[in-house]
1. Please work out which residue is nearest to the chain's Cα centre (by Cα), limiting yourself to segment 280-330 and to residues that are part of a loop (DSSP other than H, G, I, E, B) and within 17 Å of GLU203 (Cβ to Cβ).
2. Six or more apart or on different chains, Cβ under 6 Å: which pairs go from a residue in segment 163-174 that's at pLDDT 80 or above to one that's more than 11 Å from ligand 1 (Cβ to nearest atom) and in a helix (DSSP H, G or I)? Could you list them?
3. So ASP142 clears everything in (1) within 11 Å of ligand 2 (Cβ to nearest atom); (2) farther than 24 Å from PHE193 by Cβ except one condition, right? Which one?
4. Given the conditions (1) modelled with pLDDT of 90 or more; (2) closer than 28 Å to ARG49 by Cα; (3) part of a helix (DSSP H, G or I), which single one is not true for TYR207?
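The values are calculated or read from the model by the stated rules, or taken from the named source; none is laboratory data. A quick note: this is a predicted structure, and the numbers were derived from the prediction, not measured. Cβ: placed from backbone, ideal geometry, glycine included. Neighbour counts: every protein chain shown.
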Amino acid sequence: MQDGVDSYTNWEEIGKGAFGKVYSVKKDGYLYAIKRLHLSHMQALDMYRDEIRPLVDLTKHKHDHILMYIDDFFYQDSKIPANKGKPTNSDRSLWLVMDFCPLGTMNNFLLRPENISHTVLFMKQVADAVDFLHGHEIVHGDLKPDNVLVSGTVQDPVAKVADFGLSKACRNAITDNGHSMQRLNWYGAPEVFKRFNSLYTKESDVYSMGAMFAAMLDRTTVRGDDGKLLLAVYMVHPQSMTEPVCFLKPVGMVQTVSGTVQPTYTVQPMGKVPVGRVQHQIPNTNLSGCIMMQQPNDCLKQLILEMMAYSAPNRPTAQQVKWALNITHD
Ligand SMILES: Nc1ncnc2c1ncn2[C@@H]1O[C@H](COP(=O)(O)OP(=O)(O)OP(=O)(O)O)[C@@H](O)[C@H]1O
Ligand SMILES: [Mg+2]
């Protein structure tokens, strides 16, 4: 009898993120998604035990809007299944099994013109999920429309918040392709732009949720590093921002003296800038004059502006956001 990841069949690569690849697989007639995280850090096992196991343990609780990790496998060195990539002696792989969400990411779902509705429904579901995570002392750390997956049917979609806690757990341990730290954080709170190894908190999660909601209302988009359209809120580089905001654009690969291949970058000034990045430099930025311009000045807009307040203690909690959404929009 096969065990571990080998008990799953019909492997197909369906996506790739900063932390690894995602496959659709089958077991006992059901479809699952498996995320493979390639860990190269020495403390991979400690990280798995201390950071990942508590996330997987959350499966004991059921929540309609959380994409739980329903199984996990950790392989050190030689115990890597032979047919899933070419293992090396230093391979440490963590495989996380989740339910498969047939409608893909909320990002792609909402960007389809036919899916014009569902915005407030998704907001309520996401706020419910984040409140649940925070109630279990879990900071998501990477809330964005690509980390919300969609289950159910097109007429009756169900948002599922995915990848909670992974970015914190993996920040030091993942070097699959080395690009995770170069990515632009379109949903980051002002305080997370303060230093390289930022501290993500419940308050920064609420900010990211607000940035996500603002983009969902206006359907504003930016191009991601790979050219993909992302539902994101942005500001046009303000004149008063003396320091230009640049990003590192990957331009190719280069072989180092040690033989490893690494990406090379050029510095490019940006036209569209993450709102949190602007606030980081100009704390008193008046957001109401810059974002959600198409929206009436109603309770929902006010709530989102509060979620994106510069000062973390001034933001509502996820629970308050959930309540406010349920009271004002049913
Ligand atoms: N449970 C799932 N069901 C269906 N598709 C999924 C599932 N999980 C991931 N995917 C697909 O795999 C893609 C890559 O996911 P992944 O989480 O690795 O990357 P990401 O969310 O774009 O970035 P990040 O690494 O920051 O999370 C997603 O965009 C989605 O299309
Ligand atoms: Mg993800």
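1. Top of the filtered list is MET308.
2. PHE164/LEU133; GLY165/LEU55
3. (2)
4. (2)
Yes or no, residue by residue, for (1) at pLDDT below 95; (2) within 16 Å of ligand 2 (Cβ to nearest atom); (3) aliphatic (A, V, I, L, M):
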{"site": "THR105", "(1), (2), (3)": "no, yes, no"}
{"site": "MET123", "(1), (2), (3)": "no, no, yes"}
{"site": "ASN147", "(1), (2), (3)": "no, yes, no"}
{"site": "VAL150", "(1), (2), (3)": "no, yes, yes"}
